[in-house]
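Let me begin by handing over the structure; questions about it come next.
The values are calculated or read from the model by the stated rules, or taken from the named source; none is laboratory data. What you are looking at is a predicted structure, and each value in this text was computed from that prediction instead of being measured. With ideal geometry, Cβ positions are generated from the backbone for all residues, glycine too; neighbour counts draw on all protein chains shown. The accessibility values were calculated without ligands, DNA or RNA, using every heavy atom of the protein model including side chains. Shrake-Rupley method; radii C 1.70, N 1.55, O 1.52, S 1.80 Å.
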Amino acid sequence: DPAPRLRSVSTFAPATVANLGPAFDFLGCAVDVLGDTASLSVDSSIPPGTLSISSITRLRLDPLWNCAGIAAIAVMRMLSVRSVGLSLSLHKGLPLGSGLGSSAASAAAAAIAVNALFGDPLSPADLILAGLESEKKVSGYHADNIAPAIMGGFALIRSYTPLDIIHLEFPADKDLFFVLVSPDFEAPTKKMREALREEVTMKEHVRNSSQAAALVAAVLQGDARVLGSAMSCDEIVEPRRAPLIPGMVEVKRAAIEAGAFGCTISGAGPTAVAVIDSEEKGKEIGVRMVEAFLAAGKLNASVTVARLDRIGARVI
């Protein structure tokens with residue numbers, strides 16, 4: 001039963017972009033600017049060994065059914081915390097169902113907070129496992145959001161049994177920007193998964209595998225052009241999901257015509273993500289993508305140009 005090293009702590013966890021086209025369910029990355037913030041404190045009014053959520057935006061307060069609460073309790077269980085009660089508050093900087101890893105950001109911020117309060121005894125792998133308990137309950141047992149949210153950068157999920165995650169380093173001397181355009185439209189993960197086929201052809205498998213391999217090579221080499229090109233070449237998932245997001249096909253075309261290296265659906269959508277190596281160019285691309293959502297999909301949309309977040313969830 002460890003003693004807390006701090007009385008309170010605040011943390012931030014970034015938004016994430018998962019799938020990245022052909023890397024469905026096994027590759028994701030963290031992006032800066034957007035994310036969730038958690039505040040955690042020791043609270044004598046809360047029964048020892050338990051956690052209470054004091055405030056949260058747009059989500060239920062029950063810690064057993066809230067993604068932040070589930071992850072925080074999982075970390076407390078790993079640490080065998082029994083002597084103190086904890087109070088958690090969460091500010092949602094990410095919209096729900098955006099395709100930007102909203103549930104993972106909440107879970108990562110909470111998990112990092114509990115770990116930091118007790119002196120950081122757990123490894124990133126432990127924290128990812130805690131986050132996976134949350135993801136399993138709210139969005140499915142996949143780590144392509146929670147892993148990069150905690151680790152930062154790009155995370156490749158090699159295996160779940162045992163958990164094996166490879167952290168991919170995009171070269172520090174090169175810039176990578178993500179143009180994130182979120183329309184006013186709901187794309188529930190469950191519905192978007194139901195749209196997928198259970199079987200694919202050998203040709204599709206080979207094509208997507210080669211593009212996913214090119215994607216990983218581009219990350220390690222810092223080649224934003226190849227990264228974007230590979231990201232745009234999914235022949236299995238995107239063709240099934242894009243028609244369910246009004247205007248998505250035209251938005252992708254507009255992004256590439258405006259100079260983006262590539263464009264696809266972020267996570268399950270509806271956010272569209274384009275890749276470029278210049279922030280100013282990213283802003284221009286974002287304007288064209290917003291215009292395309294309005295013209296082709298009759299949807300208003302917001303745009304954020306974000307850098308690759310190389311740090312992941314952290315104490316602030």
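Tell me which residues, restricted to segment 1-53, are charged (D, E, K, R) and open to solvent by less than 30 Å² (accessible area, probe 1.4 Å).
The answer is ASP36, and nothing else.
Let me spell it out: the conditions are (1) assigned to a loop (DSSP other than H, G, I, E, B); (2) surrounded by 13 or more Cβ atoms within 10 Å (Cβ to Cβ), and SER182 meets all of them except one. Which number is the exception?
(1)
Okay, moving on. Taking PRO270, is it open to solvent by 10 Å² or more (accessible area, probe 1.4 Å) and not aliphatic (A, V, I, L, M)?
Details: open to solvent by 10 Å² or more (accessible area, probe 1.4 Å): no; not aliphatic (A, V, I, L, M): yes.
No: the conditions fail for PRO270.
Please tell me if VAL206 is among the aliphatic types (A, V, I, L, M) and not assigned by the TED database to the domain that holds ALA107.
It is true that VAL206 is among the aliphatic types (A, V, I, L, M) and not assigned by the TED database to the domain that holds ALA107.
Could you tell me which numbered condition LEU156 fails, if it satisfies all but one of (1) within 24 Å of LEU308 (Cβ to Cβ); (2) not in a strand (DSSP E or B)?
Answer for LEU156: the failing condition is (2).
Same structure again: Which pairs turn up if I take residues in segment 172-200 that are over 26 Å from PRO246 (Cβ atoms) and look for partners that are in a loop (DSSP other than H, G, I, E, B) with beta carbon separation below 7 Å, at least 6 apart in sequence or on another chain?
If the second residue must be in a loop (DSSP other than H, G, I, E, B), the pairs left are LYS174/GLY222; ASP175/ASP277; LEU176/PHE170; LEU176/ASP277.
When you go through GLU238, GLU204 one by one, which is the residue that is in contact (Cβ under 8 Å) with a residue 12 or more places away in the chain, closer than 23 Å to LEU180 by Cβ and open to solvent by 20 Å² or more (accessible area, probe 1.4 Å)?
GLU238
For the condition open to solvent by less than 40 Å² (accessible area, probe 1.4 Å) and either touching a Lys or Arg at 6+ places or on another chain (Cβ under 8 Å) or at pLDDT below 95 (or both), what is the one hit in GLY99, GLY85?
Checking each option against the conditions leaves just GLY99.
Also, I was wondering about something else. Can you pull out the residues in segment 249-276 that are part of a helix (DSSP H, G or I), small (Gly, Ala, Ser) and touching a residue at least 60 places away in the same chain (Cβ under 8 Å)?
Matches in segment 249-276: ALA255 only.
Could you please find all residues in segment 266-305 being of a type in the set (Asp, Glu) and in contact with a helix residue (DSSP H, G or I) (Cβ under 9 Å, 6 or more places away or on another chain)?
Initially, segment 266-305 is screened for residues of a type in the set (Asp, Glu), giving 277, 279-280, 284, 291.
The answer is ASP277, GLU291.
Also, I was wondering about something else. What pairs come out if I take residues in segment 277-302 that are of a type in the set (Lys, Arg) and pair them with residues that are in a helix (DSSP H, G or I) whose C-beta lies under 8 Å away, six or more apart or interchain?
Note: pairs meeting the criteria are ARG288/ALA254; ARG288/ALA255; ARG288/GLU257.
Do you know which residues across segment 126-153 are in a loop (DSSP other than H, G, I, E, B) and either surrounded by fewer than 17 Cβ atoms within 10 Å (Cβ to Cβ) or not hydrophobic (A, V, I, L, M, F, W, C) (or both)?
Of everything in segment 126-153, those that are in a loop (DSSP other than H, G, I, E, B) and either surrounded by fewer than 17 Cβ atoms within 10 Å (Cβ to Cβ) or not hydrophobic (A, V, I, L, M, F, W, C) (or both) turn out to be SER139, GLY140, TYR141, HIS142, ASP144, ASN145, GLY152, GLY153.
Let me ask another. Give the residue that is farthest from ALA172 (Cα to Cα), with candidates limited to residues of segment 293-316 that are in a loop (DSSP other than H, G, I, E, B) and open to solvent by 90 Å² or more (accessible area, probe 1.4 Å). If you could, list the steps in order and put the result at the bottom.
Kept after step one, since they are in a loop (DSSP other than H, G, I, E, B), are these residues of segment 293-316: 298-300, 309-313, 316.
If we keep only those that are open to solvent by 90 Å² or more (accessible area, probe 1.4 Å) as well, we get 298, 300, 310-311, 316.
Numbers: LYS298: 39, ASN300: 35, ARG310: 9, ILE311: 12, ILE316: 22 Å.
Looking at residues that are in a loop (DSSP other than H, G, I, E, B) and open to solvent by 90 Å² or more (accessible area, probe 1.4 Å), I get LYS298.
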